[in-house]
Amino acid sequence: MIEFILNDKIIRTNANKSMTLVDFIRENRNLKGTKIVCREGDCGACTVMVGELSANQSSVKYHTITSCISSLANAHGQHIVTVEGLNLANKLNQVQQSLKDNYASQCGFCTPGFVVAMANYCLNDNADNEQQMLDAISGNICRCTGYVAIINAAKELVENCREQGKKYTLEQLIKHNFIPKYFASIKNNLKKIQSDYQRSGEKIIAGGTDLYVQQADTLLQTPNLRYITLEQGQPIIIENDTCSISGLATVTDLFENQELQNRIPHLQDFLRLLSSEAIRNMATVAGNFVNASPIGDMSAIFLALDATLLISHKDKNREVKLKNFFIDYKKIDLKENESIAKLWFKLPTKNSHFNFEKVSKRKHLDIATVNTAIHIEVKDNKIVHCDLSVGGVAAIPKFLNKTVDFLIDKEINNDTVKQAIDVMNTEITPISDVRGTAEYKRLLANQLLKAHFIKLFPKSILFDAT
């Protein structure tokens, strides 16, 4: 039995654990404020809040997800909040009022998702500036307003949900009509729910953000599935110069880890290119590898960091370099019933540099046409170590062995980059598809390799605009 709190009610259900959360909310509970539009996690109309007890059970931490690509199983033991669960008895809450005052709703179809996302910002202790509010609503699409009015409302809320420069507490949010009174009892009610339910099955699904786009109906009919709620604890451990990441770590875990940000400058900017906050809260790093897309952003990033995977099944473990994990299109070195337990890599040092580049039809939150990452170490203007990846130009996320070999011991200058591009062109085999022609993808790969060097070594590389 799956047990969780939906708004202010405890739910116990034997419904199919593989059904999407949005379908359960709308069809089983008749809460129609959570909308269905894309069923791909792309528009935010189905956004709900998820509250989880902190490790010491002293508080409830909330984040957003897109419920159209999340399983009912992963709601177990959590507080799920829809737009109806934010309503006050006889008046608008402060988020709804701000949207109204700024004329930020027209057809209204997207509005529930925006309300939930903005309310989540107000509840999040770690969010306290306009950029974080914009991150909160980054996955919500509106087809009517042009966003100006919505952003005005969002910025107004940034100021309205704090006092003397400090974010409102849960009690203050209730007092000032941001959220209903029942939120005060959620912590104690979550403690009453059993921490786990019988998780049987060998085929493991964690975030499921890609599976539920492609195979939602199939999953409903598939037996032997085991849903793993994303773990608490320490998903990222940094010791000396090595970073170890749990297989269940989400992209948000990377996004919020301050030490990782310090060691990889601009990491948050890179991750904003990948997906919205709601998807980052769900998507696992290991899941992106297992998906095996030739344009997987996490694959490109961790190939360039020369990551090693620990692959396990029961009490048996083995190690595989990520560069050897991808065999052919959608074929990986993962045997039946195995899963990625963790990965690790050496962090960039003061003498090394990391960069990620991506081109897609939208700048943010879109599938790449071509992506690429580089980790390069330089001494006396010579390259002493390099790891370079590129996606979208081969059947697998590509580690560029020949290009890397060429770059070692070369000076950083225009000629080196031009020659490296020539070598890279012998390694890549782009094909034409809906994201662009083969010629276009090859051009992008060439330009993005230039972009790495221009961005990391602006004093040494002086390419003109062409």
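The values are calculated or read from the model by the stated rules, or taken from the named source; none is laboratory data. Only a predicted model underlies this, so the values are computations on that prediction, with no experimental measurement involved. Reconstructed Cβ throughout: ideal geometry from the backbone, glycine too, with neighbour counts over all protein chains shown.
Of all residues being of a type in the set (D, E) and closer than 19 Å to K459 by Cβ in segment 360-385, which is modelled with the highest pLDDT? Just the residue, please. I'd like the intermediate steps shown before the answer.
Start the filter on segment 360-385 by keeping residues that are of a type in the set (D, E), which leaves 366, 377, 380.
This time we only want the ones that are closer than 19 Å to K459 by Cβ, so: 377, 380.
Details: E377: 97, D380: 93.
Selected residue: E377.
From the set of residues in segment 404-462 that are among the charged types (D, E, K, R), under 24 Å from S352 (Cβ atoms) and part of a loop (DSSP other than H, G, I, E, B), which is nearest to the chain's Cα centre (by Cα)?
Initial filter on segment 404-462 (among the charged types (D, E, K, R)): 405, 409-411, 415, 418, 422, 427, 433, 435, 439, 441-442, 450, 455, 459.
Then keep just the ones that are under 24 Å from S352 (Cβ atoms); that gives 405, 409-411, 415, 418, 427, 450, 455, 459.
If we keep only those that are part of a loop (DSSP other than H, G, I, E, B) too, we end up with 409-410, 459.
Values: D409: 36, K410: 36, K459: 34 Å.
Taking the candidates together, the pick is K459.
Considering only strands (runs of 3 or more DSSP E) fully contained in segment 1-86, which possess at least 3 residues that are under 21 Å from L365 (Cβ atoms), in the same structural domain as S185 (by TED's automatic domain parsing) and under 18 Å from the mean Cα position of the chain (by Cα)? Explain how you work it out, then say what you get.
Numbers: elements: 2-6, 9-13, 47-53, 60-66, 79-81.
Counting at least 3 such residues, we get 47-53, 60-66.
Taking the criterion of being crowded, with 18+ Cβ neighbours inside 10 Å, touching a helix residue (DSSP H, G or I) at 6+ places or on another chain (Cβ under 7 Å) and farther than 20 Å from T242 by Cα, would at least one residue in segment 334-349 satisfy it?
Yes; the residues of segment 334-349 include at least one that is crowded, with 18+ Cβ neighbours inside 10 Å, touching a helix residue (DSSP H, G or I) at 6+ places or on another chain (Cβ under 7 Å) and farther than 20 Å from T242 by Cα.
With the requirement that a residue be of a type in the set (D, E, K, R) and either under 13 Å from A394 (Cβ atoms) or not assigned by TED's automatic domain parsing to the domain that holds K358 (or both), what does segment 434-454 give you?
Of everything in segment 434-454, those that are of a type in the set (D, E, K, R) and either under 13 Å from A394 (Cβ atoms) or not assigned by TED's automatic domain parsing to the domain that holds K358 (or both) turn out to be K441, R442.
Of the residues L407, L388, L400, L303, only one is in the same structural domain as T242 (by TED's automatic domain parsing) and at pLDDT 95 or above; which? Full working, then the answer.
Details: L407 fails: in the same structural domain as T242 (by TED's automatic domain parsing); L388 fails: in the same structural domain as T242 (by TED's automatic domain parsing); L400 fails: in the same structural domain as T242 (by TED's automatic domain parsing).
After applying the criteria, what remains is L303.
For a quick check of your reading: which helices (runs of 4 or more DSSP H) sit entirely within segment 184-261 and have at least 3 residues that are assigned by TED's automatic domain parsing to the domain that holds N291 and either under 18 Å from the mean Cα position of the chain (by Cα) or modelled with pLDDT under 90 (or both)?
Working: elements: 186-192, 211-214, 216-220, 251-256.
Hits in segment 184-261: 251-256.
Take the residues of segment 241-278 that are of a type in the set (D, E) and under 21 Å from T66 (Cα atoms): which is surrounded by the most Cβ atoms within 10 Å (Cβ to Cβ)? Let's see the steps before the verdict.
At the first step, the residues of segment 241-278 found to be of a type in the set (D, E) are 241, 253, 256, 259, 269, 277.
In the following step, the residues that additionally are under 21 Å from T66 (Cα atoms) were identified as 253, 256, 277.
Numbers: D253: 21, E256: 15, E277: 29.
This residue is E277.
In segment 95-169, which helices (runs of 4 or more DSSP H) lie fully inside it and hold 2 or more residues that are of a type in the set (D, E, K, R) and surrounded by fewer than 16 Cβ atoms within 10 Å (Cβ to Cβ)? Reasoning before the result, please.
Working: elements: 111-123, 130-136, 148-160.
Correct list: 148-160.
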